[in-house]
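> Mind looking over this structure? Questions follow.
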Amino acid sequence: MTMTAMKIWMQAASPEQQSDLAKRSGTSRPYLYHLAGGFRDASAELAQRIEKAALDMHRETRGKLPKVYRTDLNAACRGCDFAHKCLGGRAVASDFAFLPADDTEGGAI
């Protein structure tokens, strides 16, 4: 089973952290679940806000919460030349084959 970066993030985060990400990025927790499940594609603007908020939270938790890039959330961002120049190899959508089962604290992935 392939997992998206957003799904990994949601599984690693507590419900409070999920709500905090939603608030920081100007969306709702249920919408984050839609993104994590692949049912929706974020707008470029929302993808940018989620990327920034997730990066801030990654730093605040000292890597316990993973990074999420805008290219993970928006198809147009994945195809953007600017994103490729800025992010290099990370400009493609992250793809994770698994979430380590022994990681109960949601540590760095």
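> Order 17-25, 49-57, 65-73 from most to least packed using the mean count of other Cβ atoms within 10 Å. Each step should come with its number before you reach the end.
On the way: 17-25: 17.7, 49-57: 19.4, 65-73: 24.9.
Per-residue mean Cβ counts within 10 Å order the peptides as 65-73, 49-57, 17-25.
> Using a 7 Å offset from the Cα along the Cα-to-Cβ direction at both TYR33 and ASP56, what is the distance between the two label points in nm, to one decimal?
Between TYR33 and ASP56, the label points sit 2.4 nm apart.
> Kirkwood hydrodynamic radius, computed over distinct alpha-carbon pairs, for segment 5-91: how many Å, to one decimal?
Numbers: mean 1/r = 0.0785 Å⁻¹.
The answer is 12.7 Å.
Only the coordinates and a few stated rules stand behind these numbers; no lab work does. Quick caveat: nothing in here was measured; it's all calculated off a predicted structure. Cβ sites come from the backbone with ideal geometry, for glycine too, and all protein chains shown count toward neighbours.
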